[in-house]
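Q: Below you will find the structure I want to go over with you.
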Amino acid sequence: MSETDGRPLDVLEQAVGETVTVHLKDGEQFQGELAGYDQHMNLVIEAGEDTTIIRGDNVVTISL
């Protein structure tokens with residue numbers, strides 16, 4: 001198993017503080033720094049002065 005393989009929450013833990021792109025079910029896309037997450041994969045994304053909270057069940061993919 002490589003460093004990027006593993007359980008989803010482990011991968012998110014490693015991505016905190018990194019810039020991520022989040023693709024949602026409705027086709028929207030958010031890019032910014034992953035500031036936090038919870039066990040439901042709800043995400044907190046910071047982009048400049050804006051902070052966005054994304055509900056985990058709307059997320060299709062998260063890429064670095």
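Q: Considering each of Asp26, Asp10 in turn, give the residue that is in contact with a helix residue (DSSP H, G or I) (Cβ under 8 Å, 6 or more places away or on another chain) and either surrounded by fewer than 15 Cβ atoms within 10 Å (Cβ to Cβ) or assigned to a strand (DSSP E or B) (or both). Quick ask: steps written out before the conclusion?
A: Values: Asp10 fails: in contact with a helix residue (DSSP H, G or I) (Cβ under 8 Å, 6 or more places away or on another chain).
Just a single option satisfies the conditions, and that option is Asp26.
Q: Counting only residues that are among the acidic types (Asp, Glu) and in contact (Cβ under 8 Å) with a residue 12 or more places away in the chain, which one in region 39-51 is farthest from Ser63 (Cα to Cα)? Walk me through it before giving the result.
A: So the first thing to find is which residues in region 39-51 are among the acidic types (Asp, Glu), and the list is 46, 49-50.
Filter again for in contact (Cβ under 8 Å) with a residue 12 or more places away in the chain, leaving 46, 50.
Values: Glu46: 15, Asp50: 20 Å.
Ranking the qualifying residues of region 39-51, first place goes to Asp50.
Q: Something else about it: Go through (1) touching a Gly at 6+ places or on another chain (Cβ under 7 Å); (2) part of a loop (DSSP other than H, G, I, E, B); (3) surrounded by 12 or more Cβ atoms within 10 Å (Cβ to Cβ) for Ile45 and report which single condition fails.
A: Every condition holds for Ile45 apart from (2).
Q: Looking only at region 48-62, which residues are assigned to a strand (DSSP E or B), in contact with a His (Cβ under 9 Å, 6 or more places away or on another chain) and exposed (fewer than 11 other Cβ atoms within 10 Å of the Cβ)? Break it down stepwise before answering.
A: So in region 48-62, the residues assigned to a strand (DSSP E or B) come out as 50-54, 59-62.
Then keep just the ones that are in contact with a His (Cβ under 9 Å, 6 or more places away or on another chain); that gives 59-62.
Within region 48-62, Thr61 is the sole residue that qualifies.
Coordinate-derived values only; no laboratory data. Here the structure is a predicted model, which is why all the values come from computation and not from measurement. Every residue, glycine among them, receives a Cβ derived from its backbone with ideal geometry; neighbour counts consider all protein chains shown.
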